[in-house]
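The values are calculated or read from the model by the stated rules, or taken from the named source; none is laboratory data. Since this is a predicted model, take the numbers as computed values, not measurements. In this analysis, Cβ positions are derived from the backbone assuming ideal geometry, glycine residues included, and neighbour counts consider all displayed protein chains.
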Amino acid sequence: MIKKILVMGMNYIGDTLFTTPLIRSIKAHYKNDCMIDIVNGARGIDILKNNKDIDNIIIRPTDKQDYASYIAKLEESSYELAFIVNTSFISAYDAYRAKIDMRIGLNSDMRGFLLTKKIKYKKYSEHIIDNMLYLLQPLNIKIQTIKPIITLSEGEDEFGKNIMKNFDKSLIVHAGATRASKRYPTDKFADVINKFYEKTKIPTILIGSKDDVSFSNDIQRFSSSGAIALNFTAKLSMREMLSVMKYGYIFLGGDSAPLHIANAFDLFTVGIYGDTLPLIYGARGDKAINISAREYCGNTIKRLHCTYMKRGCKSIECLKSIEPASVYQVMIDIIS
């Protein structure tokens, strides 16, 4: 008999990507004897397309009028098991209202009474992926991978291969992020790019969404002749961007989705972190280096507040303190 499983997922692209190791492990455990659906925010679903571990993607409603219908459909689907990978109260409540017998989730946001299996949330000491994978323990499901998974169709793969065929090696740069406290200054990005190009002759390809256009334009304006080969900012769909990134060589950017996409594709990855912790959100593996701006913050109280109370520091002095020469040297060292 097929086991019907629901994963209550995330919202944003990078966070959604972090759910894929857990989903792969569940699928490997139950093999063809399970159906895995995921509820996810609309912003993140593109990263899940073509993932053969997932049967159905359900978009979490934002309209209150759709909410009752959404809960009714979940209940009609008769899921036996729910993995609630996010930490929101409402997701645990949704699984409870859908009458799913076993509800496994992190014990956070005072939602423990809605869960049948509560897992300790190691918020400040474990990577977000590891916290998700702890949800497998009550069922003795073996972890298959900690590496995020992206699956391209044949056509998507060919798209990226054709665009990148003239680049033996390339530096992919994404300068944007969801808030200012995660953004390395664009003039410093350009300085790193110029130094790297002068030394290696590896050209840069800029990527990003429409929200990142001003950042990419600034970098292009500050960059030396020949350093920027292509500027794809706001010119590619999400899936096209994935296919281009797959054929890059080294990635440079802040803590945002493209950093974690590059890490998933096994590029050399250099992340510059502002008010988020690499311990929790860092790229991982032998080809990944994370530079933490917090080490450059001279205010101990501010660092503690940033870590344990509220992210989103209004100042980016710590990021400004990271010298381009230091970032450039890390890049040279990682590819050497």
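A few points about this structure:
- Failed criterion for residue 158 (all others in (1) modelled with pLDDT of 95 or more; (2) exposed (fewer than 13 other Cβ atoms within 10 Å of the Cβ); (3) outside the structural domain of residue 259 (by TED's automatic domain parsing) hold): (3)
- Residue within segment 52-71 that is in contact with a helix residue (DSSP H, G or I) (Cβ under 7 Å, 6 or more places away or on another chain) and under 20 Å from residue 134 (Cβ atoms) present: yes
- Residue within segment 181-198 that is surrounded by fewer than 16 Cβ atoms within 10 Å (Cβ to Cβ), in contact (Cβ under 8 Å) with a residue 40 or more places away in the chain and part of a helix (DSSP H, G or I) present: no
- Looking across segment 231-282, just one residue is basic (Lys, Arg) and without any contact (Cβ under 8 Å) to a residue 60 or more places away in the chain, and that is 235.
- Residues satisfying the stated conditions in segment 210-243, i.e. aliphatic (A, V, I, L, M), crowded, with 16+ Cβ neighbours inside 10 Å and either in a loop (DSSP other than H, G, I, E, B) or not assigned by TED's automatic domain parsing to the domain that holds residue 170 (or both): 227, 236
- Scanning segment 116-135 for residues being in contact with a helix residue (DSSP H, G or I) (Cβ under 6 Å, 6 or more places away or on another chain) and over 20 Å from residue 14 (Cβ atoms) gives a total of 3.
- Tally of residues being in a strand (DSSP E or B) and of a type outside the set (S, T, N, Q) across segment 1-59: 15
- Among the conditions (1) part of a loop (DSSP other than H, G, I, E, B); (2) out of contact with any Pro (no Cβ under 9 Å at 6 or more places or on another chain); (3) closer than 23 Å to residue 284 by Cβ, the only one that residue 130 does not satisfy is (1).
- Lone qualifier among 105, 41 - being touching a Lys or Arg at 6+ places or on another chain (Cβ under 9 Å), closer than 21 Å to residue 135 by Cα and surrounded by fewer than 22 Cβ atoms within 10 Å (Cβ to Cβ): 41
- All of 16, 62 fail the test of being of a type in the set (S, T, N, Q), under 27 Å from residue 178 (Cα atoms) and at pLDDT below 95, apart from 62.
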